[in-house]
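*Asks:* Right, I'll just put the structure down here and ask away after.
The values are calculated or read from the model by the stated rules, or taken from the named source; none is laboratory data. This structure is a prediction, so every number in the text was calculated from the model and none was measured. Here the Cβ positions follow ideal geometry from the backbone for every residue, glycine too, while neighbour counts run over all protein chains shown. With ligands, DNA and RNA removed, areas are computed over all heavy atoms of the protein, side chains included. Shrake-Rupley method; radii C 1.70, N 1.55, O 1.52, S 1.80 Å.
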Amino acid sequence: MPVDIESLTDPADLWAAQQVFRTAMVGVPLLEREVGGELNEPGRTFGARIGGELVGTVNSYTSWLVVPGGQRVPHAAVTHVGVLPTHARRGIASALLRRQLIDIAERGEIVATLRATQGGIYERFGYGVAGSAARLEIDRRRARFRDTVPESGPVRLLAPADAWEVPAKIYATAGVSWVGAIDRPPQWWRLLQSKGDSGHVAVHGEPGAEDGFVRYHGAAESAGWPRSPHRTVVVDDLVATTPAAYLGLIRHLLAADIVDSVVIPMAAPDAPLRHLLTDERAVTVTDIRDETWLRVVDVAAALQRRAYKPGPPVVSRSRIRSCRPTTRPTGSPRTARRRPTLPPISAPISPRSPPPTSVARRGVIWRWRAEWWSTDPVPRPPPICCSRWTITRSAERISDGMSSGVAGSGQSRVRRPVPGSGAGGRHRKLPAPNVPPRQ
Ligand SMILES: CC(C)(COP(=O)(O)OP(=O)(O)OC[C@H]1O[C@@H](n2cnc3c(N)ncnc32)[C@H](O)[C@@H]1OP(=O)(O)O)[C@@H](O)C(=O)NCCC(=O)NCCS
């Protein structure tokens, strides 16, 4: 039977889409009908039907994403990708994700991001890892701030009645600006709320002018909490829009004598915390994982909207034999912004184009100073992940790392062409005399 891909708008369909997603996820609870329909943004959910039965779905939220330099660009926050196990591996998710990308492009959104349950799925759809998250474990008793660490402002605990509303307001108004930060629309907060208890919530700043918050709970494994020698607090959400907020909220977490350790499961890998302590070993990184998967939808716009600063060049070269070479000498950041040379993802590649090897032999290599690093205090660049180009960048880092938002590792990623796909389709190693070694 044919698969019909359609846009879902009816609340009953949106609820059904949530159930399909949750069934596909196996370990995520199903929803009551009155909640389910509110979690999707109308017009952004697609469903796959076979003989009228909904068997797969994808969803996204209208959002923004902060690029290096601090601009917020139009962004699709992709989520709720699920196909019923009875219908898996028949190309249904592929059809849905392709339909969704067309929709995102039509909306004029420059990038799409998602968080993946499995690492092996999304690269074929043009997504690449743009940011990672580290799990930090803090031995609370050893964690003492250095005398030189500045004071912070007032921190107060919220009453349960304010535990969702106030953080949402802070996130919307306090100027979230770390690279890789995305918007949190109302449906996102409702989704979070639907998962249950807010836990404890503390905010930093004077009432009405708060600039950060932390949500946390006592870990379930600390059963028998009052007498346990391993009382652990887990941070569910930490948003600090200023260094003072970061320090104030961390101080708050470390202040409770009853707690043995604090776990931050989703910290920036270059979080500055350990450098602020008299004993760096009080902080242990126990895991680093991919967090943000990013798909550039409009390459030229993405390059234009991000900021640049002088620095070592970024080199890009085609790895496909018959790719049309685009060449450009190293130029100033301004020039680079005005004349982005990356082709659109769907750009046709002429089979008659000379192979890059010959271009390399003539000493002409596609090169420009599109440093993803910028003057941002916490530079976490989304790399370009498009299907036919390899992008490398300098390993230069700047870090005062005061952001607590989940963001990138700063590692550059490479999207390799799928052998046999697209024009040319095969890798060919370039003898590239003018190309510095990849970092
Ligand atoms: C992951 C999921 C959406 C894939 O749906 P699907 O309809 O089976 O996917 P498709 O048939 O379109 O397969 C697309 C490609 O992904 C591959 N693929 C599918 N599931 C995969 C997996 N778990 N691991 C690696 N590759 C996978 C397929 O082999 C296929 O590759 P190809 O195009 O090279 O042949 C579906 O299995 C699912 O709902 N899983 C549970 C929920 C989940 O993890 N959702 C993702 C949330 S981020």
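*Asks:* Please enumerate the residues belonging to the stretch 93-107 that are away from the ligand (no atom under 13 Å from the Cβ) and either crowded, with 16+ Cβ neighbours inside 10 Å or within 30 Å of residue 273 (Cβ to Cβ) (or both). Full working, then the answer.
*Replies:* Step one: list which residues in the stretch 93-107 are away from the ligand (no atom under 13 Å from the Cβ), which gives 101-107.
Matches in the stretch 93-107: 101, 103, 104, 105.
*Asks:* If I ask for residues that are open to solvent by less than 60 Å² (accessible area, probe 1.4 Å) and within 16 Å of the ligand (Cβ to nearest atom), which ones from the stretch 8-30 would you list?
*Replies:* 16, 17, 18, 19, 20, 21, 22, 24, 28
*Asks:* For the stretch 75-89, give me each residue that is open to solvent by less than 40 Å² (accessible area, probe 1.4 Å) and either among the charged types (D, E, K, R) or within 6 Å of the ligand (Cβ to nearest atom) (or both).
*Replies:* Matches in the stretch 75-89: 81, 82, 83.
*Asks:* When residues of the stretch 220-252 are filtered for being open to solvent by less than 30 Å² (accessible area, probe 1.4 Å), closer than 19 Å to residue 282 by Cα and more than 25 Å from the chain's Cα centre (by Cα), how many remain?
*Replies:* So the count comes out to 2.
*Asks:* If you don't mind, another one. Would you mind stating whether residue 27 is modelled with pLDDT under 95, of a type in the set (Gly, Ala, Ser) and on the phi < 0 side of the Ramachandran plot?
*Replies:* Considered against the rule, which asks whether it is modelled with pLDDT under 95, of a type in the set (Gly, Ala, Ser) and on the phi < 0 side of the Ramachandran plot, residue 27 comes out as yes.
*Asks:* Does the stretch 44-63 include one or more residues that are open to solvent by 20 Å² or more (accessible area, probe 1.4 Å) and closer than 20 Å to residue 298 by Cα?
*Replies:* Scanning the stretch 44-63, I find at least one residue that is open to solvent by 20 Å² or more (accessible area, probe 1.4 Å) and closer than 20 Å to residue 298 by Cα, so the answer is yes.
*Asks:* So for the stretch 31-48 (the condition being within 15 Å of the ligand (Cβ to nearest atom), at pLDDT 95 or above and β-branched (Val, Ile, Thr)), does at least one residue qualify?
*Replies:* yes
*Asks:* Right, next: Would you confirm, using the coordinates I've provided, whether residue 62 is within 16 Å of the ligand (Cβ to nearest atom) and either of a type in the set (Phe, Trp, Tyr) or at pLDDT 95 or above (or both)?
*Replies:* When the stated conditions are applied, residue 62 does not pass them.
Results for (1) within 12 Å of the ligand (Cβ to nearest atom); (2) open to solvent by 20 Å² or more (accessible area, probe 1.4 Å), shown as yes or no for each residue.
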| position | (1), (2) |
| --- | --- |
| 91 | yes, yes |
| 109 | no, no |
| 114 | yes, no |
| 119 | yes, yes |
| 132 | no, no |
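*Asks:* Select from the stretch 160-183 the residues that are free of Cβ contacts under 8 Å to residues at least 60 places away in the same chain, in contact with a helix residue (DSSP H, G or I) (Cβ under 9 Å, 6 or more places away or on another chain) and assigned to a loop (DSSP other than H, G, I, E, B) and list them in ascending order.
*Replies:* The answer is 164, and nothing else.
*Asks:* Restricting attention to the stretch 140-156, does a residue exist that is aromatic (Phe, Trp, Tyr) and within 30 Å of residue 274 (Cα to Cα)?
*Replies:* Within the stretch 140-156, the subset aromatic (Phe, Trp, Tyr) is 145.
From the residues that got through so far, the ones that are within 30 Å of residue 274 (Cα to Cα) too are 145.
The answer is yes, given that some residue of the stretch 140-156 is aromatic (Phe, Trp, Tyr) and within 30 Å of residue 274 (Cα to Cα).
*Asks:* Something else now. Among the numbered criteria (1) open to solvent by 10 Å² or more (accessible area, probe 1.4 Å); (2) more than 17 Å from the chain's Cα centre (by Cα), which single criterion is violated by residue 270?
*Replies:* (2)
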